[in-house]
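Here's the structure we're looking at; comments come further down.
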Number of protein chains: 2
Amino acid sequence: MKARVTVTLKSGVLDPQGQAIEGALASLGFAGTRSVRQGKIFDLDLDATDPVSARLAVEQMAKKLLANTVIEDFQIEILGE
Amino acid sequence: MKARVTVTLKSGVLDPQGQAIEGALASLGFAGTRSVRQGKIFDLDLDATDPVSARLAVEQMAKKLLANTVIEDFQIEILGE
């Protein structure tokens, strides 16, 4: 079972990396970029064959390791086999 | 116009960060994780109001700055206003 966890900074949390990219885009000549925020994805390949138990396992993984839930939100997609 | 660029390592490219996460998950007691690959997302907020021109601009940004197309693939989603 394949799953994707998308981790993004909560709104309001400062994103200096995103701001640096915004500056770099402007200096490369890309005008009209209002904001850039960076996030992470984790593509997991699991032994679990049941989507419900896979989602529960991935949720635990996200809470314990993949995301810092103080400053980050996460979203889980179960992509099937 | 909001857009999301998802950057993932091409298959075959070694992902030591993903392997470290895989090891950390195993040591936290999460059995049954076959593989983990890490990627990046960039959430862009653009002045462009036309989805077609927004996609073209974002494609140029991805090729020039956001992704290293030698080792990474990228995927663009236009999310609307």
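The values are calculated or read from the model by the stated rules, or taken from the named source; none is laboratory data. In this text the structure is predicted, and so the values were computed from the model without any measurement. Here Cβ is always computed from backbone atoms with ideal geometry, including for glycine, and neighbour counts include all displayed protein chains. Keep in mind that these areas ignore ligands, DNA and RNA; they rest on the heavy atoms of the full protein, side chains included. Shrake-Rupley method; radii C 1.70, N 1.55, O 1.52, S 1.80 Å.
What whole number of Å gives the distance from the Cα centroid of segment B:1-50 to the Cα centroid of segment B:56-81?
Comparing the Cα centres of segment B:56-81 and segment B:1-50, I get a distance of 15 Å.
Could you size up the charge dipole of chain B around its Cα centre, putting +1 on the beta carbon of Lys and Arg and -1 on that of Asp and Glu, and report it in debye to the nearest 20?
300
Taking the Cα atoms of the protein assembly as shown, report the difference between the largest and smallest coordinate on each principal axis, in whole Å and largest first.
That gives 48, 35, 24 Å along the principal axes, largest extent first.
When only C-alpha pairs under 8 Å and at least 6 residues apart count, what is the relative contact order of chain B, in percent?
Averaging sequence separation for qualifying contacts and normalising by length gives 54 percent for chain B.
Calculate for chain A the 222 nm mean residue ellipticity that helices alone would give, adding -39,500 (n - 2.57) per DSSP H run of length 4 or more and normalising by residue count, nearest 500 deg cm²/dmol.
-8500 deg cm²/dmol
Could you list the square roots of 5 times each eigenvalue of the Cα gyration tensor of segment B:2-80, that is, the equivalent ellipsoid semi-axes, sorted largest first and rounded to whole Å?
32, 14, 8
Quick one: pull the percent of accessible area on the protein assembly as shown belonging to carbon and sulfur, 1.4 Å probe, ligands and nucleic acids left out.
It is 54 percent, rounded to a whole number.
With a probe of 1.4 Å, find how much accessible area the protein assembly as shown has per residue, and write the answer as a whole number in Å².
Heavy-atom SASA per residue in the protein assembly as shown reads 53 Å².
Probe radius 1.4 Å, ligands and nucleic acids left out: can you give me the accessible area buried at the A-B interface, summed over both chains, in Å² to the nearest hundred?
Buried area between the two chains comes out at roughly 2800 Å².
When each copy gets a label point 7 Å from Cα toward the beta-carbon at B:GLN75, what are the spacings between them in nm, shortest first?
1.3
Can you work out the Karplus-derived ³J(HN,Hα) for every residue in segment B:65-73? Use 6.51 cos²θ - 1.76 cosθ + 1.60 with θ = phi - 60°, whole Hz, and x for glycine or proline.
9, 6, 10, 9, 5, 5, 10, 10, 9
Based on the Cβ-Cβ distance from B:GLN19 to A:ARG34, what FRET efficiency comes out when R0 is 35 Å, to the nearest 0.05?
In this case the efficiency is close to 0.45.
Only Lys, Arg, Asp and Glu count, each charged at its Cβ (+1, +1, -1, -1), so figure out the dipole size of segment B:1-47 about its Cα centre, rounded to 20 debye.
Taking the Cα centre of segment B:1-47 as origin, the dipole is about 180 debye.
³J(HN,Hα) across segment B:43-51 via Karplus (A = 6.51, B = -1.76, C = 1.60, θ = phi - 60°), whole Hz, x for Gly/Pro?
So the Karplus estimates, Gly and Pro as x, are 9, 10, 10, 10, 6, 3, 10, 9, x Hz.
Indicate the residues belonging to segment B:48-81 that lose 50 Å² or more of solvent-accessible heavy-atom surface (probe 1.4 Å) upon moving from the chain alone to the assembly of all protein chains, ignoring ligands and nucleic acids.
B:MET61, B:LEU65
Full-extension gain between B:ASN68 and B:VAL52, please, as 0.36 nm times their residue separation minus the C-alpha to C-alpha distance.
Using 0.36 nm per residue and subtracting the Cα-Cα distance, I get 3.4 nm.
Determine which aspartates and glutamates satisfy two conditions relative to B:LYS63: a Cα distance under 16 Å, and not lying fewer than 8 residues away in the same chain.
Filter leaves A:GLU22, B:ASP43, B:GLU72, B:ASP73, B:GLU77.
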